[in-house]
1. Scan segment 50-91 residue by residue and report those that are buried (at least 16 other Cβ atoms within 10 Å of the Cβ), assigned to a strand (DSSP E or B) and more than 23 Å from the chain's Cα centre (by Cα).
2. Do we find that residue 138 is away from ligand 2 (no atom under 16 Å from the Cβ) and touching a strand residue (DSSP E or B) at 6+ places or on another chain (Cβ under 9 Å) in this structure?
3. Just for strands (runs of 3 or more DSSP E) wholly inside segment 133-192: which have at least 2 residues that are under 17 Å from the mean Cα position of the chain (by Cα) and in contact (Cβ under 8 Å) with a residue 24 or more places away in the chain?
4. Could you tell me whether any residue of segment 449-470 is out of contact with any strand residue (DSSP E or B) (no Cβ under 8 Å at 6 or more places or on another chain), farther than 21 Å from residue 213 by Cβ and in contact (Cβ under 8 Å) with a residue 24 or more places away in the chain?
5. If I ask for residues that are part of a strand (DSSP E or B), touching a helix residue (DSSP H, G or I) at 6+ places or on another chain (Cβ under 8 Å) and farther than 30 Å from residue 208 by Cα, which ones from segment 276-292 would you list?
6. Could you run through segment 362-419 and say how many residues are assigned to a strand (DSSP E or B), over 18 Å from residue 482 (Cβ atoms) and free of Cβ contacts under 8 Å to residues at least 60 places away in the same chain?
7. Among the residues of segment 410-439, which ones are within 13 Å of ligand 2 (Cβ to nearest atom) and more than 25 Å from residue 299 (Cα to Cα)?
8. Given the options 486, 442, 482, name the one that is under 18 Å from the mean Cα position of the chain (by Cα), within 14 Å of ligand 1 (Cβ to nearest atom) and farther than 17 Å from residue 116 by Cα.
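The values are calculated or read from the model by the stated rules, or taken from the named source; none is laboratory data. The model shown is predicted, which means the values in this text are computed figures rather than measured ones. Cβ placement follows ideal geometry from the backbone for every residue including glycine, while neighbour counts extend to all protein chains displayed.
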Ligand code: C2O
Ligand code: CU
């Protein structure tokens, strides 16, 4: 039965359904079509409605995707967003709830929504051409799925490079049985920003391909062998990114107009970090504090105290921090990027002058944790089992020319990986490039050799890593680099159930 819940959580997501009545902003510069002209055939048709099971809570909401104009510290940027702001409205439910989310596509282009990290039914995974038809301009589409696992997630289109516009928002799945031993909770969404600053992500991608790689920012493509130690423990990890961004944002705000997060001294806060950037790995620290990391991509880890940590595109980390008394910079420093500054928010519990836009956190100069070195909580371990099937997955390509692929060819030309339901699958991932790539798997989580559960993992240049997954969610799924420019240039492959 459909019963909208009247809880605190519902209040938090209530604004999702509010479609502003203001006329569509007449925007310039945000209207280029994404991707090639779509085929006319619509093999998937309208999504078949499904029903929640008896007693299952239903969380219903709607989103409007459309052009809007947003102020970034005085610069007006025209972009595409959910509900006229980025990040879009927080969506929240309990583990086991049935989500029914309607997307109203008022963009001048096709779109879709992918629920990043959720082990959902295949038909709701949001990949046009693989799990659904593209959602055309002016159309509505209803996503219905159960969110089985608690954790910090987000959602974004799986259409072209739309992720690099303002189309992203946090999705929190709560564990109703978790004690929640903290006083406050802050969701911290990181992003790199270029849209509406005289270019669009589509133009950026076209230029990368036309120019055969970046022409600004000192990138040189292949050949940083001297930095490469072939393992994740030795950052820097080769070339950092392909795009020179003018802004880096925390919760949609640049450091010159930072979000101010307020609390009282000595309060314990749960921070939920989401990296929604398209081309930027960040190192993150809260000046004057140490944080205890509790979850990686939603999965519990053995609590680990750090001064700073890396977060790749598509990764999420939860941390607990006990706040000091004063005003502190929460800094996300783009890894390996020399222009565009940093992302910053202010944490204020007392008096004291606000940190400058370029304030540093001394913690960033110390040891910076790499998430794959965390150890899994016992409860989060994938039960050990010998693999029934083992396959290889190479990450291939180069910046010059700007060509990326998996298993020797670009997506579409490469051969899907296959698995049978019930099998334990091992994927031996080999990064055969000189860049670091965040590798993301849809519809499942995988275990690293340590047992750590993730759905997105940073792979250093030339690094090899075996990831194991339980083939318990039939359908056609994607594995891809979460650098959206790499993905669009071919660094994707399908995982199909035979
Ligand atoms: Cu967040 Cu297929 O990606
Ligand atoms: Cu990549």
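1. Once the filter is applied, which keeps residues that are buried (at least 16 other Cβ atoms within 10 Å of the Cβ), assigned to a strand (DSSP E or B) and more than 23 Å from the chain's Cα centre (by Cα), segment 50-91 yields only 58.
2. Yes: the conditions hold for residue 138.
3. On the way: elements: 140-146, 151-156, 169-174.
Of the strands (runs of 3 or more DSSP E) lying wholly inside segment 133-192, those with at least 2 residues that are under 17 Å from the mean Cα position of the chain (by Cα) and in contact (Cβ under 8 Å) with a residue 24 or more places away in the chain span 151-156, 169-174.
4. Looking for residues that are out of contact with any strand residue (DSSP E or B) (no Cβ under 8 Å at 6 or more places or on another chain), farther than 21 Å from residue 213 by Cβ and in contact (Cβ under 8 Å) with a residue 24 or more places away in the chain, one finds none in segment 449-470, hence no.
5. Residues of segment 276-292 part of a strand (DSSP E or B): 282-286, 291-292.
After this cut, where a residue has to be touching a helix residue (DSSP H, G or I) at 6+ places or on another chain (Cβ under 8 Å) as well, the list is 283, 285-286.
Residues satisfying the conditions are 285, 286.
6. Matching residues across segment 362-419 total 4.
7. If the condition is that a residue be within 13 Å of ligand 2 (Cβ to nearest atom) and more than 25 Å from residue 299 (Cα to Cα), then 410, 411, 432, 433, 434, 435 are the ones that fit.
8. The match here is 486.
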